[in-house]
1. Given 0.36 nm per residue, what is the gain on full extension from A84 to V143 after removing their alpha carbon distance, in nm?
2. With a point put 7 Å past each Cα toward its Cβ, work out how far A196 is from Q54 in nm, to one decimal.
3. Kirkwood hydrodynamic radius for region 20-90: how many Å is it when counted over pairs of different Cα atoms?
4. Among 184-194, 76-86, how do they line up from the highest to the lowest mean number of other beta-carbon atoms within 10 Å?
5. Once you list every other residue whose beta carbon is under 13 Å from the beta carbon of T61, what net charge do they have if Lys and Arg are +1 and Asp and Glu are -1?
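Throughout, read-outs are computed from the coordinates displayed, never taken from laboratory work. Please read these numbers as outputs of a predicted model, since none were measured by experiment. Cβ placement follows ideal geometry from the backbone for every residue including glycine, while neighbour counts extend to all protein chains displayed.
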Amino acid sequence: MTSLDPEFHLAFLPADAVPSAGMPGRLCDALTVTAAANDGRGGAWEFKVIEEFQSINGWTTQLLIYSDAYTAFTQIPDFFTAMATTTPSRLTDVTALLTDLGAVNMRPTPHGPLLHPEMPEPGVDTFGSCESDRRGVGGNVGVLTDDDLARIATEFAFEVDLARVRAVLTEDHIDLIYLGRLWGWADTEVRDQLCALPEITD
């Protein structure tokens, strides 16, 4: 349930990547949640939901909300209740909650964001999926490219058999491929995960 002013509607759209609070130099995918004006001219408030991978907790989400958007707590209480009770770990989970509340997917188009509720059905959500990863870091997630292998050869801290790496890092390790492309293969978290694969290090 929402209690937005009739001139506004609940909506969400991809946001620019946000720097990690705990790991300097890392970028995190983010989603903007907003009370968008029905005429497409701005909104009453907005806040961000951020997705981050943590070495201890795995994938997790967090809210970035400033005081000028605190009205959202009273206008979309069901959203915050759902966040508290389901503790979504990926942006796909968050967009599912928003869709259930009737939020509009303001997904950008080649000509800029469509800030209007009469846009096509969103279909398969791309947040946190291979398409989202491709949007953020380029390449074909799940299939190592020659560029990936070149980066591993120069960035990884230990000598590895690149042919073995290509054979092992398939769709079964999409998260690791994503992190390697996003943070670099010399990143401590990425390096530790790669070293933990017996097919590569044995």
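1. 17.7 nm
2. Taking the simple label geometry, A196 and Q54 are separated by 1.6 nm.
3. 13.6 Å
4. The packing order, highest mean first, is 184-194, 76-86.
5. Residues near T61 contribute -2 overall.
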